[in-house]
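Read the structure below first, then the notes.
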Amino acid sequence: MHTIAKMKNPVQHYAWGSFDFIPDLLGNATPADEPWAELWMGAHPKAPSQVEYDGRWVSLPELIEKFPEQILGKTALKRFGRQLPFLFKVLAADQPLSIQAHPNRDQAVAGFLRENQAGIPLDAPQRNYRDDNHKPECLCALTEFWALNGFRPITDMLAALARACSPELRPELDAFSQQADVGGLRRFFHGLMTLPDARRQRIVEQAVQRAAESAADDPAARWMVELQRWYPGDIGVLGPLLLNLVQLNPGEALFLEAGELHAYLRGCGIELMANSDNVLRGGLTVKHVDVRELLQVARFEPKTPRIIRRETQSFCEAFYPQPAREFMLAVISLAGGRPCECRGGSVAILLCMQGRAAIRAGGDRREIILKRGDAVLVPAAVQRYRLEGEAKLYKAGLPAQTERGTPGHK
């Protein structure tokens, strides 16, 4: 496979999704009859993309198996095997997603093997590990986007908990205050996750009542009230007291490492991650929660979230610096009729988010017209390609250092 090809990509209809954003992106009527939560572009076995090849639609995993070096490139094939190392998504959340963490590579390999040996089906609701890969990920906001990301500084956390929580939580808070470190936080978190149902609901309800008094001036308190509306009595309602509340403006991004507790609360964004669907949940969900496994995976070191802003690479292309070796996220902006010449030689997926563009591989007379919502696969066999038009495209690919066989990022 030596040329650029159109893609047809599956949609995931999760309950928290938007009835408007992805249908509108793909040119469908809005509001939709059901929520459209994620548009997947990649080769994950759960929902692989289709690629136009030889006059028919073929699954991307099938094409990779047939043309591994032409699609992935020699270095990526050696490093990652016969698989696309990243999964590219559009995410549209009208409701909060679960508080969750993703395993590191060793944890994913061990957990996947353990659950296979236990005979747990891959689609079983109690399954934690659906593949053997880790899942670093980058989220770039397309709209105003709210998220929880990593534990707050412990002193801030203790002060927020003391203001919001009732005397019923006092024994656990006193113990945490006496050991205000990572070990104390871990014990406190375990205590919250294993509270008896009736006591948990009382603690959450009383905390929300207090939060409502300051919701007008305190975004964290306002989100507690909102979370209680969606998940009444869930321990995740206390999430804004424990985790950093982040507001992203369009064009700003977050990078999430293995083990970082996080939750996407509301907004639409581009999501790019290693090719994995492993999730350990900790709240704001009716799905399976495995407290023991979550405690093994979660990192309890407090952090200050770092908002990533794109860095210019050329007059038409900018990228988001982050440490993952499996992916690179870039933005291509076309304006004024000036063509954009892009270096290939590395597998990439391009998604048109605004406008209209023509793309053509170097030396190829055939061009593909991209309108809003269209995506194409650029195989590694394409060494150069040219874009023209008035458009904005997001590009998922591999970092330059990965393609050269060295660690790091572009």
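Laboratory data are not the source of any read-out in this text; all were calculated from the coordinates shown. The structure presented is a predicted model; accordingly, all values stated were derived computationally and were not measured. Here the Cβ positions follow ideal geometry from the backbone for every residue, glycine too, while neighbour counts run over all protein chains shown.
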Quick one: Karplus J couplings for the stretch 9-23, per residue in order, coefficients 6.51, -1.76, 1.60, θ = phi - 60°, nearest Hz, x for Gly and Pro?
10, x, 10, 9, 9, 8, 4, 7, x, 8, 8, 10, 5, 6, x
Evaluate the relative contact order of the stretch 96-305 (contact order divided by residue number), counting alpha-carbon pairs under 8 angstrom at least 6 apart; express in whole percent.
44
Say each of V225 and D132 gets a label point 7 Å from the Cα, pointing the same way as Cα to Cβ; how far apart are those two points in nm?
5.0
Phi to ³J(HN,Hα) by Karplus 6.51 cos²θ - 1.76 cosθ + 1.60 over the stretch 30-42, Hz, x for Gly, Pro
10, x, 6, 7, 8, x, 9, 8, 9, 9, 9, 10, x
Do you know the relative contact order of the stretch 50-103, to the nearest whole percent, from alpha carbon pairs under 8 angstrom that are 6+ apart?
20
Pair A212, L26: separation of 7 Å Cα→Cβ label points (nm):
3.9
What are the ³J(HN,Hα) values, in whole Hz, obtained from phi via the Karplus relation 6.51 cos²θ - 1.76 cosθ + 1.60 with θ = phi - 60°, for each residue of the stretch 344-352 in sequence order, with x given for Gly and Pro?
x, x, 8, 4, 8, 10, 10, 10, 7
How far is helix 197-214 tilted off the main Cα axis of the chain, in degrees rounded to 10, range 0 to 90?
80
Which angle from 0 to 90°, rounded to the nearest 10, does the C-alpha axis of helix 154-164 make with the longest principal axis of the chain?
60
25 Å Cα-Cα threshold exceeded, pairs from K46/K303; K287/K371; K8/K287; K74/K135:
K46/K303; K287/K371; K8/K287
Sorted by packing (mean other beta-carbon atoms within 10 Å per residue), highest first, where do 115-124, 282-291 land?
282-291, 115-124
Which order do the peptides 214-226, 140-152, 74-86 come out in when sorted by mean C-beta neighbours inside 10 angstrom, highest first?
140-152, 74-86, 214-226
Step by step: find N for the stretch 86-154, compute 2.2 N^0.38 Å, then divide the Cα radius of gyration by it. What's the final number?
1.37
Rank by packing, highest mean first: peptides 377-384, 306-313, 340-347, with packing defined as the count of other Cβ atoms within 10 Å averaged across residues.
377-384, 340-347, 306-313
Just tell me which aspartates and glutamates come within less than 19 Å, Cα to Cα, of K66; anything on the same chain fewer than 8 places away is out.
E52, D54
N249/D197 FRET efficiency (R0 56 Å; Cβ-Cβ; nearest 0.05):
0.90
Using only helices, what value at 222 nm comes out for the chain when you add -39,500 (n - 2.57) per DSSP H run of length 4 or more and divide by the total residues, to the nearest 500 deg cm²/dmol?
-8000 deg cm²/dmol
Cα axis of helix 182-193 to longest principal axis of the chain: angle in degrees, 0 to 90, nearest 10?
80
Would the stretch 1-132 count as rounded, prolate or oblate if I go by the C-alpha gyration tensor, calling it rounded below 1.5 in a/c and otherwise prolate when a/b exceeds b/c, oblate otherwise?
oblate
Euclidean distance between Cα centres, the stretch 48-96 to the stretch 131-155, Å
24
